[in-house]
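Taking it in order: structure first as structure tokens, then the write-up.
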Amino acid sequence: MHFSKLFLPTLKESPADAEVISHKLMVRAGMIRQVASGIYSILPLGLRVLRKVEQIIREEMNQIDGQEVFLPSIQPAELWIESKRWDFYGKELLRIKDRHNREFCYGPTHEEVITDIVRKEVKSYRQLPILLYQIQTKFRDEVRPRFGIMRGREFMMKDAYSFHADEEDTQYTYKKMAQAYTNIFKKCGLDFKQVQADSGTIGGNFSHEFAVLADSGEDDIGFCESCGYASNLELAESKPPAPPAPLATSEDIKEVETPGQKSVEAVASFLNIPTRQIVKTILFENENGLVAGLVRGDHEINLVKLKNLIGCEWLEPAEEKAISKHPELHCGYIGPIGIDLPVYADCEISTLQSFVTGANKPSTHFTGVQVERDLKIKKFSDIRTVKTNDPCPHCEDGRYQVKRGIEVGHIFILGTKYSSAMKAVYLDQEGKEKALIMGCYGIGVGRTAAAAIEQNHDDRGIIWPINLAPFKVVIIPVNYSNEDLKVVCDNIYDQLQKTGIETLLDNRSDRLGAKLKDADLIGIPLQIIVGAKNLSAGQVELKIRKTNESRLHPYPKFINDIPNVLKEL
Ligand code: ATP
Ligand code: MG
């Protein structure tokens, strides 16, 4: 491609609303343009990169016998009513009506459509398993679209769905899919982790996210470098405490006045004790009313763990309104003793000897509280959020690190959630009707490209991992109107094109500085700079974008070495 023909509107300034580097650089490098909030046009350079991501995905999906389909983006409401998601999905689902006033939605995901296809066509276990995937546009009316195409409203996703006769086969495909995802993100040149994720009511180890480590990530990832355990922080397991030591104190429970001391920190400093000697009582609301969760004062309660422990439909921090219905509860002084609510406690609480809690009386706390004697706990479990340096539960000496991550992929065993709701069944070997077992597997195409920029950039611009680069090589003549330079550049260009190396030739009449700036900004891995002085000594300059390393090579011999140079990048 000749630069002069490329529709590449680069910008000096970043858009004012861009918070993260990938958004800034994608706009500046002329890859994307915003049309409306969370809705983007992908320009030629951007599309070249997205197509690379897609191609890598396709190869790996085909490798595990996935078959590509293309499903409609507009889906009839009936299917969503059948799966019971029409109401549940809420405002993220963009609902539309056709001219006959029939209801549709723009697909945020495709479980319903694919289940509908498979239930109509599959009758017998002999037709299973089936693995179908597509690469297609989704729409989700996100509350806060931001970060460019990393959290858009309209975005490209690879979504795959598998259908199985039994659990074992489902897990087999799940494992193959996890390996395929690992291959994909490796080929994309990303530093990522496969992390355990919340599988909600299904439980088990059947949901993993692939998270690219980057400060701009929206998820917290807890991981141990010693043993490799990694989990979304929502779920990261705490090391179980050592069994409680026999009680060393026979302290009585006492009421103490703590006027105005509502926070853990305030109470701790007022009573001159460490925060770990206080037990926090936090109230939550679910479909059955209020529940209380207990954690040590220096710990934080984990909503997802608590929700899974209770097994409720939903769980949220209790609002004032719900609390005010219980006159015995005084905010800041709430404690587990004498309240008529189910109380769930973090397992660390069971090892405490004597501690402080709210006394359910204004301006008052209890001291000398003991678990066995004073508390009525419905369940003890791991319900706190781990922190950096907490001991790893899966190895001897490992410690947690907590870092931000961008979720680029998600694999999930769905079980029979959709097949039961939508009556997608097959006949097993004994001729018995059974619900199909399903898995679903997503990758954000645009988000993956954006995540690659988050991890690979410098103050001059993008540094594309070689497999995602829109062009592998850019040829930059110091002066293309110089006939000698033109002949050489054209020759290098023709030869590289012939070898199948995607090459950009900067044939513009701009100053060298401007051309180098653009080449750096758009992140082409290898620059070939051709100037009259070097050429008169039979040489051209090769510059590696990533390291800024520059070396002279003999012309034209070097052309044969380019494939090897690229392999090293
Ligand atoms: P998130 O928690 O980030 O909203 P999700 O759990 O809703 O993600 P999935 O439904 O599992 O995401 O979708 C599969 C993949 O699609 C995600 O792993 C992500 O890469 C991508 N994706 C999801 N939402 C968006 C979005 N708004 N913009 C771009 N990509 C997205
Ligand atoms: Mg989402």
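If we scan segment 123-136, do we find a residue that is free of Cβ contacts under 8 Å to residues at least 40 places away in the same chain and either assigned to a helix (DSSP H, G or I) or within 16 Å of ligand 1 (Cβ to nearest atom) (or both)?
yes
Tell me, please, whether a residue that is surrounded by fewer than 14 Cβ atoms within 10 Å (Cβ to Cβ) and not in a loop (DSSP other than H, G, I, E, B) can be found in segment 14-37.
yes
Quick one: count up the residues across segment 304-360 that are in contact with a Lys or Arg (Cβ under 6 Å, 6 or more places away or on another chain) and free of Cβ contacts under 8 Å to residues at least 40 places away in the same chain.
Result for segment 304-360: 1.
State all residues of segment 498-509 that are surrounded by 14 or more Cβ atoms within 10 Å (Cβ to Cβ) and of a type outside the set (Lys, Arg); if no residue qualifies, say none. Break it down into steps so the answer makes sense when it comes.
Kept after step one, since they are surrounded by 14 or more Cβ atoms within 10 Å (Cβ to Cβ), are these residues of segment 498-509: 501-508.
Within segment 498-509, ILE501, GLU502, THR503, LEU504, LEU505, ASP506, ASN507 qualify.
How many residues does segment 101-122 contain that are without any contact (Cβ under 8 Å) to a residue 12 or more places away in the chain and more than 16 Å from TYR418 (Cβ to Cβ)?
1
Within segment 73-106, restricting attention to residues that are among the polar types (S, T, N, Q) and out of contact with any strand residue (DSSP E or B) (no Cβ under 8 Å at 6 or more places or on another chain), which residue is surrounded by the most Cβ atoms within 10 Å (Cβ to Cβ)?
From segment 73-106, those among the polar types (S, T, N, Q) are 73, 75, 83, 101; that's our starting set.
Still in the list and also out of contact with any strand residue (DSSP E or B) (no Cβ under 8 Å at 6 or more places or on another chain): 83, 101.
Working: SER83: 20, ASN101: 6.
Among residues in segment 73-106 that are among the polar types (S, T, N, Q) and out of contact with any strand residue (DSSP E or B) (no Cβ under 8 Å at 6 or more places or on another chain), the one surrounded by the most Cβ atoms within 10 Å (Cβ to Cβ) is SER83.
From ILE492, ILE501, ILE476, ILE463, grab the single residue that is within 24 Å of the chain's Cα centre (by Cα) and in contact (Cβ under 8 Å) with a residue 24 or more places away in the chain.
Details: ILE492 fails: within 24 Å of the chain's Cα centre (by Cα); ILE501 fails: within 24 Å of the chain's Cα centre (by Cα); ILE476 fails: within 24 Å of the chain's Cα centre (by Cα).
The unique qualifying residue is ILE463.
Only one residue in VAL402, VAL445, VAL487, VAL474 is of a type in the set (Val, Ile, Thr) and within 16 Å of ligand 1 (Cβ to nearest atom). Which one?
Values: VAL402 fails: within 16 Å of ligand 1 (Cβ to nearest atom); VAL487 fails: within 16 Å of ligand 1 (Cβ to nearest atom); VAL474 fails: within 16 Å of ligand 1 (Cβ to nearest atom).
After applying the criteria, what remains is VAL445.
For a quick check of your reading of the model, give me the residue pairs whose first member lies in segment 87-100 and is over 12 Å from ILE74 (Cβ atoms), whose second is surrounded by 10 or more Cβ atoms within 10 Å (Cβ to Cβ) and acidic (Asp, Glu), with beta-carbon atoms closer than 7 Å and at least 6 apart or on different chains.
LYS91/ASP141; GLU92/ASP141; GLU92/GLU142
Please go through segment 352-405 and give me each residue that is among the acidic types (Asp, Glu) and over 39 Å from the mean Cα position of the chain (by Cα), ordered by number. Break it down into steps so the answer makes sense when it comes.
Our first condition is that a residue be among the acidic types (Asp, Glu); within segment 352-405, this holds for 372, 374, 382, 390, 396-397.
Residues satisfying the conditions are GLU372, ASP374.
Mind listing whichever residues of segment 142-159 are more than 18 Å from LEU93 (Cβ to Cβ) and either near ligand 1 (Cβ under 8 Å from one of its atoms) or part of a strand (DSSP E or B) (or both)?
Going through segment 142-159, the residues more than 18 Å from LEU93 (Cβ to Cβ) turn out to be 146-150, 156, 158.
Correct list: ARG146, ILE149, MET150, MET156, LYS158.
Just to confirm my filter: which strands (runs of 3 or more DSSP E) fall fully inside segment 177-269 and include at least 3 residues that are crowded, with 19+ Cβ neighbours inside 10 Å? I'd like the intermediate steps shown before the answer.
Values: elements: 192-196, 207-213, 219-224, 230-232, 254-257.
Answer list for segment 177-269: 192-196, 207-213, 219-224, 230-232.
Run down THR170, THR109 and say which single residue is more than 26 Å from TRP314 (Cβ to Cβ) and touching a strand residue (DSSP E or B) at 6+ places or on another chain (Cβ under 7 Å).
Details: THR109 fails: more than 26 Å from TRP314 (Cβ to Cβ).
Exactly one residue qualifies, and that residue is THR170.
Considering only segment 260-315, state which residues are over 29 Å from the mean Cα position of the chain (by Cα) and acidic (Asp, Glu).
GLU265
Name the pairs: first residue in segment 541-556 and modelled with pLDDT of 95 or more, second residue of a type in the set (Lys, Arg), Cβ to Cβ under 6 Å, at least 6 apart or on different chains?
LEU542/ARG551; SER550/LYS543
Tell me which residues, restricted to segment 337-368, are among the polar types (S, T, N, Q) and either at positive phi or in contact with a Gly (Cβ under 9 Å, 6 or more places away or on another chain) (or both). I'd like the intermediate steps shown before the answer.
So in segment 337-368, the residues among the polar types (S, T, N, Q) come out as 350-351, 353-354, 357, 360, 363-364, 367.
Those that are among the polar types (S, T, N, Q) and either at positive phi or in contact with a Gly (Cβ under 9 Å, 6 or more places away or on another chain) (or both): SER354, THR357, ASN360, SER363, THR364.
Give the residues of segment 121-147 that are within 16 Å of ligand 2 (Cβ to nearest atom) and not aromatic (Phe, Trp, Tyr), sorted by residue number. Please lay out each step first, then the result.
As a first pass, look at segment 121-147 and keep what is within 16 Å of ligand 2 (Cβ to nearest atom): 137-147.
Residues satisfying the conditions are THR137, LYS138, ARG140, ASP141, GLU142, VAL143, ARG144, PRO145, ARG146.
Keeping to segment 66-120, report how many residues are within 16 Å of ligand 2 (Cβ to nearest atom), farther than 22 Å from GLY415 by Cα and either assigned to a helix (DSSP H, G or I) or of a type in the set (A, V, I, L, M, F, W, C) (or both).
Number of matching residues: 6.
Looking at (1) out of contact with any helix residue (DSSP H, G or I) (no Cβ under 9 Å at 6 or more places or on another chain); (2) among the acidic types (Asp, Glu); (3) crowded, with 18+ Cβ neighbours inside 10 Å, which is the only condition GLU430 fails?
Of (1) out of contact with any helix residue (DSSP H, G or I) (no Cβ under 9 Å at 6 or more places or on another chain); (2) among the acidic types (Asp, Glu); (3) crowded, with 18+ Cβ neighbours inside 10 Å, only one is false for GLU430: (3).
Of everything in segment 323-343, what is in a loop (DSSP other than H, G, I, E, B) and hydroxyl-bearing (Ser, Thr, Tyr)? Give them in sequence order. Outline the logic, then answer.
Kept after step one, since they are in a loop (DSSP other than H, G, I, E, B), are these residues of segment 323-343: 325-342.
If the condition is that a residue be in a loop (DSSP other than H, G, I, E, B) and hydroxyl-bearing (Ser, Thr, Tyr), then TYR333 is the only one that fits.
Can you pull out the residues in segment 38-60 that are within 21 Å of the chain's Cα centre (by Cα) and either modelled with pLDDT under 95 or assigned to a strand (DSSP E or B) (or both)?
Hits for segment 38-60 are ILE39, TYR40.
Among the residues of segment 60-72, is there at least one that is within 18 Å of HIS164 (Cα to Cα), touching a Leu at 6+ places or on another chain (Cβ under 7 Å) and buried (at least 19 other Cβ atoms within 10 Å of the Cβ)?
Yes, segment 60-72 contains at least one residue that is within 18 Å of HIS164 (Cα to Cα), touching a Leu at 6+ places or on another chain (Cβ under 7 Å) and buried (at least 19 other Cβ atoms within 10 Å of the Cβ).
Checking LEU512 against (1) without any contact (Cβ under 8 Å) to a residue 24 or more places away in the chain; (2) surrounded by fewer than 17 Cβ atoms within 10 Å (Cβ to Cβ), only one condition comes out false. Which one?
(1)
For segment 83-114, give me the residue count where each residue is within 15 Å of ligand 1 (Cβ to nearest atom) and of a type in the set (D, E, K, R).
5
Hey, can you tell me all the residues within segment 515-569 that are surrounded by 13 or more Cβ atoms within 10 Å (Cβ to Cβ), in a helix (DSSP H, G or I) and not aliphatic (A, V, I, L, M)?
Of everything in segment 515-569, those that are surrounded by 13 or more Cβ atoms within 10 Å (Cβ to Cβ), in a helix (DSSP H, G or I) and not aliphatic (A, V, I, L, M) turn out to be LYS515, LYS517, ASP518, ASP520, ASN534, PHE558, PRO563.
Given segment 378-496, what strands (runs of 3 or more DSSP E) lie entirely inside it while holding 1 or more residues that are within 16 Å of ligand 2 (Cβ to nearest atom) and out of contact with any Leu (no Cβ under 6 Å at 6 or more places or on another chain)? Steps first, answer last, please.
Values: elements: 379-381, 400-415, 425-427, 433-435, 437-444, 473-477.
In segment 378-496, the matching strands (runs of 3 or more DSSP E) lie at 400-415, 437-444.
The values are calculated or read from the model by the stated rules, or taken from the named source; none is laboratory data. None of the values given here were measured: they were computed from a predicted structure. All Cβ positions, even for glycine, are placed from backbone atoms using ideal geometry, and neighbour counts span all protein chains on display.
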